[in-house]
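To start, the structure itself, in structure tokens.
Coordinate-derived values only; no laboratory data. In this text the structure is predicted, and so the values were computed from the model without any measurement. Please note: Cβ atoms are built from the backbone with ideal geometry, for glycine as well, and neighbour counts cover all protein chains shown.
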Amino acid sequence: MSCSTSPRSLPSEPRIFAPTSRLDSMTPAGLVHAARALSSLSRSVLRCVSRGVWVSRCCADASSASGSTNDAVMSATTNVLTCVTPFGPPSGRTAPVRAHHHRGDGASRVPAAAPARDVAFAGMIGANLMRPDELADLMRSDAPHAVLDLRERGRYERGHVYRTTSVPRRLLETRLPGLVTAPATPVVLCDDDGRLAALARPLLETMGYTGVRILDGGLEAWRAAGRPLVQGVNVPSKVFGERVLHEQKTPEIAPQALAERIDRGEDMVIVDARTFEEYARGCVPGAISVPGGELVLRITDLVPRPDTTIVVHCGGRTRSYIGAESLRRMRLPNPIVALENGTMGWALAGLTLERGADRRPPDASPRGRAAAALVAKRVAAEDGVRFMEPEALRALLDRRRRENVYVLDVRTGEEYAAGHVAGAVWAPGGQAVQATDEYVAVRSGTIVCVCDGLVRSVMTAAWLMRMGLPRVFALAGGLPAWERAGGAVETGHPRPAPFGLEAARAAAGAVAPGDLGDAVVVSVDTSDVYARGHVPGAAWLCRSRLELVVDRAVPDRDARIVVTCADGAQSALAAATLAGLGYARAAVLAGGTGAWTAAGLPVETGPTRLLDEPDDVVLKPYDRGREAMEAYLRWEEALDLEGRSPHALR
């Protein structure tokens, strides 16, 4: 590789700044509690710091107001400010901020910049904190609220508060507007110890959210208060699946028994209720891909004989049970069973999965549609599914800045791309039930399910209602009725630009792939994307924790840094953050890593320079091996109604 495209290599053991305060081991919540315990002088200092006022000025104001100073208070204030004050000119090294008596001669020392990670502590000052008991009460109430866990998905999986929504901090600009559409909604931010929440709070306020609070002390304080955490992802949906199994007594078939029946050539139709992508990675031999939300609409055309056994499977348990019970509600004469433990159970039984299958059901025939419509009408009547007229939906969408509104298009991806209600999110029926918390952050919000008529929207709405969501509707007449009423329609799969992206791009300089020179290259892609291919020599950092870890990668604030990602969006936002931390020469790789490879430049593969924990990707149990699959199935089988299980995930 030529010199012009070779980035400067990073130190093999990156230097980490040592804390300058005697309170270096204190958590952010501890700092806030310490601040609360200080005298009126200290509180005056903290108020001034939160507004960006120089320390010498606020100490002078407080001293003048009180008429005297107390050495003990001044010492405590000094220690707190050493940790939390981010103001002052950027520099590569950090000088402690010292509060001092005002001498009246105008002389004062200007504080140097704090380490980048200490910006998080400053974010706690003035924060509206919520105690663990207050959060527990809020989550038990019917009041509108969202509780967002800002940690990466891997940490979230290892333990989180039940019914919190996982939104890694790096995705807030993209995902939050759809998850919480009404900016006045109370939003509680949580993480391990409060630092990520403190960093995120100013962003939410800039985005217009007015009710932002931080879990005081984070999950550490939650646990210390004796409150439980749960493991896993999409836990509420999995709890619901186990509840359905036990309440409905869903018939199951063991993997070995199914394999024997397949070998004997018995009359069966096996359907895989997962997404097509999951199906193609590995399914029971001979299975047809029919995602759960499509089953009722399409099964009649797949099973013409009344004595054909229908077997529903997924990767584990939940979607098998929901799919089987959807079919049982059709009152078909056919035997209907769920495969016990899905493809994981199949693999654990020593049986071989089929890879690369591409069988799909035919388009629903008029006969199949008519049969499914009769079922949907009966289910709507039995379950009390409410319908929303197109005019009412249009008025609701006009109020979505005042109310939390979720319009879920539950059809196939191809149908959604061909045309959908403007602003609707693609949430195929099976996934809307399997991963509800990824679409809906405010449980009291209004959910409107949309399909091409009523079958898929009614079946999805009925399941969401049974999950306990209070305001669920199906769009009367579906998309055709919406179009007849003059409703706006979009095509494709829209990807809203992250909040602040254009401003970040305008502020950050761009470096062409051939002009890296001796720059330090930092990738903020997800760790798996980084491992699949990155600019040679690039270090990987998680953007969610950028302020907290950047010193490890680039201790020199005068260094020339080029930030990259797949498409240039996350890197632009990261470069803006670095500029705010004093890295004046931070820029982005023009066009991202995609432009680098398109230029024919070489890439490096593997997790070569991970300078932060790669906890941003959660592998499926079947990607982790036999022990993980067994642990997952034990965990899921034993889930209680609060998402807890006596068995740990691995």
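Placing unit charges on the Cβ atoms only, positive for Lys and Arg and negative for Asp and Glu, gives region 237-364 a dipole magnitude near 280 debye about its Cα centre.
Add +1 for every Lys or Arg and -1 for every Asp or Glu among the other residues with Cβ under 13 Å from the Cβ of Arg532, and state the total. Could you put the intermediate results ahead of the total?
Working: positive: none; negative: Asp525, Asp528, Glu604.
My count for the surroundings of Arg532 gives -3.
Give me the number: length gained by fully extending Ala373 to Ala488, i.e. 0.36 nm times residue separation minus the C-alpha to C-alpha distance, one decimal in nm. Intermediate results must be reported in sequence, preceding the final value.
Values: separation 115, 0.36 × 115 = 41.40 nm, distance 2.59 nm.
Taking Ala373 through Ala488 to full extension adds about 38.8 nm, to one decimal.
The label point for Met139 and the one for Glu391, both projected 7 Å from the Cα toward the Cβ, are 4.2 nm apart. Sorting the segments 158-166, 459-467 by their residues' average number of neighbouring beta-carbon atoms within 10 angstrom, most packed first, yields 459-467, 158-166. Which residue, chosen from Tyr416, Val379, Pro390, occupies the Cα position most advanced towards the positive end of the dipole of region 379-423, where the dipole is computed from +1 (Lys, Arg) and -1 (Asp, Glu) charges on Cβ about the Cα centre? Sorting the options by dipole projection puts first Pro390. Highest average first, the peptides 173-179, 211-217 ordered by how many other beta carbon atoms sit within 10 Å of their residues are 211-217, 173-179. Model label sites at Arg532 and Arg261, defined 7 Å from Cα along the beta-carbon direction, differ in position by 3.7 nm. Peptide packing: for 148-155, 343-350, the average count of neighbouring Cβ atoms within 10 Å per residue gives the ranking 148-155, 343-350, highest mean first.
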